[in-house]
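Student: Handing you this structure, nothing more for now.
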Amino acid sequence: MDLNDAVLLWEPEPGWLNTASYGLPPRPTVEAVRRALDEWQRGARPWAEWDVSTGRSRAAFARLVGASADDVAVGATVSQLLAPVAASLPPGADVVVPDIEFTSNLFPWLVQDLNVRTVPPDRLADAIDRRTAAVAFSVVQSATGELAPVEDVLAAARSAGALVVADATQAVGWLPVDATRYDVLVCAAYKWLMAPRGAAFCYVGEAVRDRFRPVAAGWYAGEEHAYYGPPLRLAASARRFDISPAWFSYVGAAPSLDLLNDIGVEPIRAHNVALANRFRAGLGLPPSDSAILSVDVPGAEERLETAGVRAAVRDGRLRVSFHLYTTEADVDAALDALSSP
């Protein structure tokens, strides 16, 4: 589907520059969720019909990141899906994490008996050595929009024999991501994938799958779903790490993910980065390769709010983010507001 045709499926109020906080759903997503809620209210459908969307979402996410659906687990949040990975490392194992990492990819390691070292993002690869059991980082940093030095980190980790665990929540949906390059890759779907909050995905490479204990296993992690009684019969695939899904979140996730695959990530990336660079140019900044921008502009929050532009402030800095439903008019309205006295 052509991006120019696809954007007609969204109905945003002008001035939404905050997809890094949450994405806006297209019309098919809203209609699917409303239909399911109506069915729920009337008791008109069995739950299994809503659950079909979970498998559809799993397959669509796998396609988006170049993986097999058998290698993708589903859950509700990033930290929930990372917990079994962190809990499976031996006590005292060395884990390296950027010092500005969002806490959903930090607290799962800190709550375990692990030696967690935090370093500046640009020193991440240099901090990996033979004692490192795992390196955990975001492909795109939430606070700054900075793209991780993925090639350097992967090279250092592979040389040291360390696990590579990536949070791609701020990347998948606008930046091409190949999940198979990592050992574990997690992604919450309510931002750039424009799904309801409560859907999240975790790629777990087949080569490392047996190293992790599915400590949150329940009926949904069973082979063909295990309803009652022993013995333990977990799925052979990454489904063994599944968390029983929030049905309506996945009812909404499936059409959003299908639409992203239909449009293609490359045109979305080009559109988003062009808008980000238009904003950067308006502030006299050089171009970048990210759809997220963090900048120190005094009084920015109040000026934008007055102009009806919605963005975010993170760590005292303005954070703006641009997705396929963002327009040049949105960018220019924000620049006009920031340039006003």
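The values are calculated or read from the model by the stated rules, or taken from the named source; none is laboratory data. Just so it is clear, the structure is predicted and the values come from calculations on it, not from any experiment. FYI the Cβ positions are ideal-geometry reconstructions off the backbone, even for glycines, and counts take in every protein chain you see. Heads up: the accessible areas ignore ligands, DNA and RNA and are worked out on the full protein's heavy atoms, side chains in. Shrake-Rupley method; radii C 1.70, N 1.55, O 1.52, S 1.80 Å.
Student: Considering every residue within segment 113-125, establish whether at least one is open to solvent by 60 Å² or more (accessible area, probe 1.4 Å), assigned to a helix (DSSP H, G or I) and touching a helix residue (DSSP H, G or I) at 6+ places or on another chain (Cβ under 7 Å). Reasoning before the result, please.
Tutor: Taking segment 113-125 and keeping what is open to solvent by 60 Å² or more (accessible area, probe 1.4 Å), we get 113, 115, 118, 122-123.
Subset that is assigned to a helix (DSSP H, G or I): 122-123.
From what is left, the residues that are touching a helix residue (DSSP H, G or I) at 6+ places or on another chain (Cβ under 7 Å) are none.
Within segment 113-125, none of the residues are open to solvent by 60 Å² or more (accessible area, probe 1.4 Å), assigned to a helix (DSSP H, G or I) and touching a helix residue (DSSP H, G or I) at 6+ places or on another chain (Cβ under 7 Å).
Student: Taking segment 307-333 on its own, how many of its residues are over 15 Å from Asp296 (Cβ atoms) and touching a helix residue (DSSP H, G or I) at 6+ places or on another chain (Cβ under 7 Å)? Working first, answer last.
Tutor: Of the residues in segment 307-333, the ones over 15 Å from Asp296 (Cβ atoms) are 307-310, 321-333.
Narrowing the set further to residues that are touching a helix residue (DSSP H, G or I) at 6+ places or on another chain (Cβ under 7 Å) leaves 307, 309, 322-326, 328, 331.
Within segment 307-333, residues that are over 15 Å from Asp296 (Cβ atoms) and touching a helix residue (DSSP H, G or I) at 6+ places or on another chain (Cβ under 7 Å) number 9.
Student: Right, something else. Just to be sure I understand the filter: pairs with C-beta atoms under 8 Å, separated by 6 or more residues or on different chains, first member in segment 162-173 and farther than 25 Å from Val273 by Cα, second member hydroxyl-bearing (Ser, Thr, Tyr) and in a loop (DSSP other than H, G, I, E, B). Which pairs pass?
Tutor: Val164/Tyr182; Val165/Tyr182
Student: Taking the options Ala195, Ala226, Ala253, name whichever one is part of a loop (DSSP other than H, G, I, E, B) and either closer than 25 Å to Asn105 by Cα or within 18 Å of the chain's Cα centre (by Cα) (or both). Give the steps one after another, and end with the answer.
Tutor: Numbers: Ala226 fails: either closer than 25 Å to Asn105 by Cα or within 18 Å of the chain's Cα centre (by Cα) (or both); Ala253 fails: part of a loop (DSSP other than H, G, I, E, B).
Ala195 is the lone residue from the list that is part of a loop (DSSP other than H, G, I, E, B) and either closer than 25 Å to Asn105 by Cα or within 18 Å of the chain's Cα centre (by Cα) (or both).
Student: Checking Leu24 against (1) among the hydrophobic types (A, V, I, L, M, F, W, C); (2) closer than 30 Å to Val208 by Cα; (3) within 17 Å of the chain's Cα centre (by Cα), only one condition comes out false. Which one?
Tutor: (2) is the only condition that Leu24 fails.
Student: Checking the conditions here, which among Val297, Val251, Val313, Val265 is of a type in the set (Val, Ile, Thr), without any contact (Cβ under 8 Å) to a residue 24 or more places away in the chain and either open to solvent by 10 Å² or more (accessible area, probe 1.4 Å) or farther than 16 Å from Ser21 by Cα (or both)? Working first, answer last.
Tutor: Numbers: Val297 fails: without any contact (Cβ under 8 Å) to a residue 24 or more places away in the chain; Val251 fails: without any contact (Cβ under 8 Å) to a residue 24 or more places away in the chain; Val265 fails: without any contact (Cβ under 8 Å) to a residue 24 or more places away in the chain.
Just a single option satisfies the conditions, and that option is Val313.
Student: OK, next. How many residues does segment 172-187 hold that are part of a loop (DSSP other than H, G, I, E, B) and open to solvent by 10 Å² or more (accessible area, probe 1.4 Å)? It would help to see each step written out before you state the result.
Tutor: Pass one, segment 172-187, residues part of a loop (DSSP other than H, G, I, E, B): 172-178, 182-183.
Right, trim to open to solvent by 10 Å² or more (accessible area, probe 1.4 Å) and you get 175-178, 182-183.
Summing the residues that are part of a loop (DSSP other than H, G, I, E, B) and open to solvent by 10 Å² or more (accessible area, probe 1.4 Å) in segment 172-187 gives 6.
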